[in-house]
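Student: Let me begin by handing over the structure; questions about it come next.
A short reminder: the numbers here are calculations on the coordinates, not readings from a lab. This structure is a prediction, so every number in the text was calculated from the model and none was measured. Glycine also receives a Cβ, built like all others from the backbone with ideal geometry; neighbour counts cover every protein chain displayed.
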Ligand SMILES: [Zn+2]
């Protein structure tokens, strides 16, 4: 178990296609999952995919309790998803502001499908299948994109809707000050070697 170094946008490894995991029960796969959990929780993310710590394998995790970034999001229990796939259940899309541990200090407006069914394997090798909507559905699409080498800024249609987290915050909530936990989070990730 270890908190791993996060790859940040610009690193070539984030733009690659990840490969299918063949042995879920191997020590290597199980250790990778432990590292993903530790790293996501340490940096306060709602999800993290293996390529973000430099492992080009098809696994991501999601978890959300009460994040200031997504105050209206329903909680998502810690979910490990290996070799995930999803199917869109409605053509309806919705725009929302997204951030990413690999794009620290920025946020952008992205359109995502609102309703989908996904499946994948848990860390015990059991199949997980869920029908979800809202924040949960968006998180799945964001994390799955990482497995295909796509970062959320690549999906922002108007570059004016991509910017520094505090500047966008002021635009969205002109009467509120920029929250301390968000400042701390950005500082934590910008840990240059
Ligand atoms: Zn991300």
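Student: Among 24, 20, 82, 33, which is the only one that is surrounded by fewer than 14 Cβ atoms within 10 Å (Cβ to Cβ), in contact (Cβ under 8 Å) with a residue 60 or more places away in the chain and touching a strand residue (DSSP E or B) at 6+ places or on another chain (Cβ under 6 Å)? Spell out the reasoning first.
Tutor: Values: 24 fails: surrounded by fewer than 14 Cβ atoms within 10 Å (Cβ to Cβ); 82 fails: surrounded by fewer than 14 Cβ atoms within 10 Å (Cβ to Cβ); 33 fails: surrounded by fewer than 14 Cβ atoms within 10 Å (Cβ to Cβ).
When all the criteria are applied, what remains is 20.
Student: Quick check on the range 141-160. Is at least one of its residues over 18 Å from the mean Cα position of the chain (by Cα) and in a helix (DSSP H, G or I)? Steps first, answer last, please.
Tutor: From the range 141-160, those over 18 Å from the mean Cα position of the chain (by Cα) are 157-160; that's our starting set.
Okay, now just the ones that are also in a helix (DSSP H, G or I), so 159-160.
Looking for residues that are over 18 Å from the mean Cα position of the chain (by Cα) and in a helix (DSSP H, G or I), one finds at least one in the range 141-160, hence yes.
Student: Right, next: Tally the residues that are within 13 Å of the ligand (Cβ to nearest atom) and not in a loop (DSSP other than H, G, I, E, B), restricting the search to the range 16-48.
Tutor: The qualifying residues number 6.
Student: Here's a follow-up. Given the criteria without any contact (Cβ under 8 Å) to a residue 40 or more places away in the chain, in contact with a helix residue (DSSP H, G or I) (Cβ under 7 Å, 6 or more places away or on another chain) and surrounded by 14 or more Cβ atoms within 10 Å (Cβ to Cβ), does residue 106 qualify?
Tutor: On the way: without any contact (Cβ under 8 Å) to a residue 40 or more places away in the chain: no; in contact with a helix residue (DSSP H, G or I) (Cβ under 7 Å, 6 or more places away or on another chain): yes; surrounded by 14 or more Cβ atoms within 10 Å (Cβ to Cβ): yes.
Answer is no for this residue.
Student: Hey, another quick one. From the list 158, 145, 124, 166, which one is surrounded by 15 or more Cβ atoms within 10 Å (Cβ to Cβ) and away from the ligand (no atom under 16 Å from the Cβ)?
Tutor: Numbers: 158 fails: surrounded by 15 or more Cβ atoms within 10 Å (Cβ to Cβ); 145 fails: away from the ligand (no atom under 16 Å from the Cβ); 124 fails: surrounded by 15 or more Cβ atoms within 10 Å (Cβ to Cβ).
From the options 158, 145, 124, 166, the qualifying one is 166.
Student: Right, next: Filter the range 127-142 down to residues that are within 16 Å of the ligand (Cβ to nearest atom) and touching a residue at least 40 places away in the same chain (Cβ under 8 Å), then give me how many there are.
Tutor: From the range 127-142, those within 16 Å of the ligand (Cβ to nearest atom) are 135-142; that's our starting set.
After this cut, where a residue has to be touching a residue at least 40 places away in the same chain (Cβ under 8 Å) as well, the list is 135-136, 138-142.
The total comes to 7.
Student: Hey, another quick one. Hey, can you tell me all the residues within the range 87-110 that are part of a strand (DSSP E or B) and away from the ligand (no atom under 16 Å from the Cβ)?
Tutor: Within the range 87-110, the subset part of a strand (DSSP E or B) is 87-88, 93-98, 106-110.
Hits for the range 87-110 are 87, 88, 93, 94, 95.
Student: Also, I was wondering about something else. Where residues in the range 169-188 are surrounded by fewer than 17 Cβ atoms within 10 Å (Cβ to Cβ) and closer than 24 Å to residue 79 by Cβ, which of them is farthest from the ligand (Cβ to nearest atom)?
Tutor: Among those that are surrounded by fewer than 17 Cβ atoms within 10 Å (Cβ to Cβ) and closer than 24 Å to residue 79 by Cβ, it is 181.
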